[in-house]
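Read the figures in this text as sums done on the coordinates, not as results from a lab. Note that the structure is predicted; figures quoted are calculated from it, not measured. All Cβ positions, glycine included, derive from the backbone under ideal geometry; neighbour counts span all protein chains shown.
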């Protein structure tokens, strides 16, 4: 990846802060703090935060919820000209959903060494045999996105 | 994989026919005919068929719908002791959802040379680095599951 221009970096950080706001909604209800938004032009057309425990639904990841909301907003399953921002690197399911919905660009905060499928364990977003590939930008507000998670798990261990 | 015992084969075929019934519901409304069920003991606790075009939702795959319904039935996101039957090999998103929901066994009908991620392009269901792996049985009613798809696309091309 080419280094980002300062104005691009500033814009990505702006949107990532909004994704972080979503993550904080998860944290507030005891869910692992992960948040995502889908941006189309200057509009946030999809928002989501991790709701797995609350909904007892393994598919209720931030990205899935944001993607479905964005499709509803655009009345289309193809999310053309959209960028998905997510605080944590997508898992295989969410990377697959990004491919399915043809999201052209994904920006994420911190890497996921256990399940990350956008460059860490593998890269499902840039797999030449699939019918869609996305541009990937990583490390936007990396430290802040990572700190939300480490602090959450630290508090959880203390409670236990 | 070891060859299946005749009584096991018969049971898998029984459930696969029910998954095929789901696929036919998709076909009846002009959707690509793919169907899935989640079986727990002797009960079908989740059913789904492809609804992408109808719902304008790229995540509305048969397996996703069946998994979410099964979680609701069990009131748990972990689908322990369940088997997922699906007429077509899972895509990366659905394979990821199977891993997320800890489904211990997946049985599928025909392979997907374009997006199959349960052994064809890759095998996300048996990836040692993920925190869950599933047993996979393929080729149950393979010809019938494949024929539904080829006939659907043949009719579609004729119409066009």
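Of the set (1) under 21 Å from residue B:145 (Cβ atoms); (2) surrounded by fewer than 20 Cβ atoms within 10 Å (Cβ to Cβ); (3) in contact with a strand residue (DSSP E or B) (Cβ under 9 Å, 6 or more places away or on another chain), all apply to residue B:45 but (1).
Rundown of residues vs (1) crowded, with 23+ Cβ neighbours inside 10 Å; (2) on the phi > 0 side of the Ramachandran plot; (3) more than 11 Å from chain B (Cβ to nearest Cβ), yes/no style:
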site: A:38; (1), (2), (3): yes, no, yes
site: A:41; (1), (2), (3): no, yes, yes
site: A:53; (1), (2), (3): no, no, no
site: A:62; (1), (2), (3): yes, no, yes
site: A:84; (1), (2), (3): yes, no, yes
site: A:89; (1), (2), (3): yes, no, yes
site: A:93; (1), (2), (3): yes, no, no
site: A:104; (1), (2), (3): no, no, yes
site: A:127; (1), (2), (3): no, no, no
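Among the conditions (1) buried (at least 21 other Cβ atoms within 10 Å of the Cβ); (2) touching a residue at least 40 places away in the same chain (Cβ under 8 Å), the only one that residue B:144 does not satisfy is (1).
Which of the residues belonging to region B:21-36 are within 21 Å of residue B:82 (Cα to Cα) and surrounded by fewer than 20 Cβ atoms within 10 Å (Cβ to Cβ)?
B:21
The set of residues in region B:106-121 that are within 8 Å of chain A (Cβ to nearest Cβ), surrounded by fewer than 24 Cβ atoms within 10 Å (Cβ to Cβ) and in contact (Cβ under 8 Å) with a residue 12 or more places away in the chain contains only B:115.
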